[in-house]
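The values are calculated or read from the model by the stated rules, or taken from the named source; none is laboratory data. Note that the coordinates shown come from a computational prediction; the quantities given were computed from them, not determined experimentally. Here the Cβ positions follow ideal geometry from the backbone for every residue, glycine too, while neighbour counts run over all protein chains shown.
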Amino acid sequence: MKKGILLFWPSFIIAALATSVFFSIFDPAELKLHGNALFADKLSAYSVFFLISWAFGALNTAIVLVLEKPSRDINGFTPPPLQPMDDTEDPLRN
């Protein structure tokens, strides 16, 4: 549950900001592809862009969550425990 919150909450905020910035610059009614309107109405344009930007934000956050893990967690490597040395075995003491 915690990973889901860490993944989707920041990406939701990113999507909300990206959608508001994008549509403050561009009017959804003016978006055209090969001369045809890209969306039937403004609400569908807002919804599609929000969901796409939420998916990209989630991908970005997922990459950050993977990269923040230590290499031991990713590779599954656990070093052997250190054994305490006696004073007679210590090479630096001689």
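Overview of results
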{"quantity": "Residue pairs meeting the criteria (Cβ under 7 Å; at least 6 apart or on separate chains; first at pLDDT 90 or above, in the stretch 9-23; second among the hydroxyl-bearing types (Ser, Thr, Tyr) and not in a helix (DSSP H, G or I))", "calculated": "none"}
{"quantity": "In the stretch 39-53, the residues that are in contact with a helix residue (DSSP H, G or I) (Cβ under 7 Å, 6 or more places away or on another chain) and either among the aliphatic types (A, V, I, L, M) or in contact (Cβ under 8 Å) with a residue 60 or more places away in the chain (or both)", "calculated": "45"}
{"quantity": "Failed item, numbered, when residue 49 is tested on (1) modelled with pLDDT of 90 or more; (2) among the hydrophobic types (A, V, I, L, M, F, W, C); (3) touching an Asp or Glu at 6+ places or on another chain (Cβ under 9 Å)", "calculated": "(3)"}
{"quantity": "Pairs, first surrounded by 15 or more Cβ atoms within 10 Å (Cβ to Cβ) in the stretch 54-67, second hydroxyl-bearing (Ser, Thr, Tyr), C-beta under 6 Å, six or more apart", "calculated": "54/11; 57/11; 58/11; 61/11"}
{"quantity": "Selection within the stretch 32-53 - farther than 10 Å from residue 11 by Cβ and either touching a His at 6+ places or on another chain (Cβ under 6 Å) or surrounded by 15 or more Cβ atoms within 10 Å (Cβ to Cβ) (or both)", "calculated": "39, 45, 46, 49, 50"}
{"quantity": "All positions within the stretch 1-28 that are of a type outside the set (Val, Ile, Thr), over 23 Å from residue 60 (Cα atoms) and out of contact with any Lys or Arg (no Cβ under 6 Å at 6 or more places or on another chain)", "calculated": "24, 26, 27"}
{"quantity": "Scan of the stretch 16-31 for residues that are surrounded by 12 or more Cβ atoms within 10 Å (Cβ to Cβ) and of a type in the set (Val, Ile, Thr), ordered by number", "calculated": "19"}
